Amino acid sequence: MYCCGNTPLRFRLRHSQTSSTPWKPLFSSNPPLSSAQILAFPSSIYKPSFSSTHHLLISASATKSHSNDKFGEEHDGNSNEIAAKGSGTTARGRRLLRIREEKRKREFDRLHNYPAWAKVLEDACKNDEELRSVLGDSIGNPELMKQRVEERVRKTGRDFRKSKMGSVLAFKVSFRDFNPVDSYIWFELYGSPSDRDVDLLGSVIQSWYAMGRLGAFNSSNLQLANAAMVQNPLYDADKGFKVMPSSFHDISDVEFQDNWGRVWVDLGTSDFFAIDVLLNCLTLLSSEYLGIQQVVFGGRRMGDWEEGMTSPDYGYKYFKI
């Protein structure tokens, strides 16, 4: 009889009768009996040892269990190795997977939650270079696109083809205890000025001061202000020469903090119509080039202006007069 492959199973028989005759095995070195031959023996003669059989079964079971555990360990090791090779769980793989997921989510949101008006603007940008320059890098971000369009409409009106970059709204003018020989003139812009905006406004103030310094704002010599231009007018140079001169005395640099700018002035003996001239210049500057919300004559502090704060890191800029 064979068990677990080709290993022969040999039984040890126990003699059931007590006798002085020494016990002899029914079979020894002969070939193992078949199952039919073993069954042919009477039960009283052939009784296999229970302890031996039990030991054999336990040994066979232990051998099989050990084989299964070893096979399971090898199988688990191979599975883990295959999973590590094919799962793509490296840092680069996880990063690429996250990027793909975010891109897929943005595409889903764009298709299902994207505003219709934003899609219309995107399509219009394909054939409109001016609109494309207005939106810039805001394409794909509806909220930022809305801000860019509102800013453009505020500056140029609803006609995007206009070349001017100022404001279509008139700025407000107010006076707060204005002293012409010792006061600030404040300018509130729509946003923090760029370097170009600082140069524009500073150049206007510098030109205005240069004219005032040379006596341009002298109401005592306005010979041609009310003259009829139908015929060639006459100008009395001697009269103009004898008029008491009037000129600006002093001015500070033009300073900026965030969206506020200011300049200190001492108009000296210049007449007040110098202010009219300045406002005429600022009106055109605001509508064509640089949007201005309001101009305030006088006052010591406007907005969030902080005295002594001259660091460019906090939004401070200036134009040297």
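Bear in mind that the values in this text are calculations on the coordinates, not laboratory data. What you see is a predicted model, and the numbers here were worked out from it, not measured in a lab. Note: ideal-geometry Cβ built from the backbone for every residue, glycine included; neighbour counts use all protein chains shown.
Brief remarks follow.
- Cβ crowding within 10 Å, taken as a proxy for footprinting-reagent exposure, orders Ile205, Ile251 from fewest neighbours to most as Ile251, Ile205.
- FRET efficiency for Ser133 and Lys242, using Cβ-Cβ distance with R0 set to 51 Å, rounded to 0.05: 0.35
- Rg/Rg_globular for segment 239-311, with Rg_globular taken as 2.2 N^0.38 Å and Rg from C-alpha atoms: 1.37
- Here the extension length gained between Arg300 and His112 equals 62.3 nm, from 0.36 nm per residue of separation less the Cα-Cα distance.
- Ordering His249, His112 by the number of other Cβ atoms within 10 Å of each residue's own Cβ, fewest first, gives His112, His249.
- Dipole magnitude of segment 93-156 about its Cα centre (Cβ charges: Lys, Arg +1; Asp, Glu -1), debye to nearest 20: 440
- Remark: the Lys320-Asp195 segment gains 43.7 nm on full extension, using 0.36 nm per residue and subtracting the alpha carbon distance.
- Using the Cβ-Cβ distance between Thr310 and Ser174 with R0 set to 35 Å, the FRET efficiency from 1/(1 + (r/R0)^6) comes to roughly 0.85.
- Ranked for footprinting exposure by Cβ neighbours inside 10 Å, fewest first, Ser192, Ser246, Ser270 give Ser192, Ser246, Ser270.
- Whole-number Å³ per residue for the convex hull built on Cα positions in segment 164-321: 131
- In this structure, the pairs whose alpha-carbon distance is over 29 Å, taken from Lys126/Lys146; Lys172/Lys317; Lys242/Lys320, are Lys242/Lys320.
- Overall form of segment 93-156 per C-alpha gyration tensor (a/c, 1.5; a/b vs b/c): prolate
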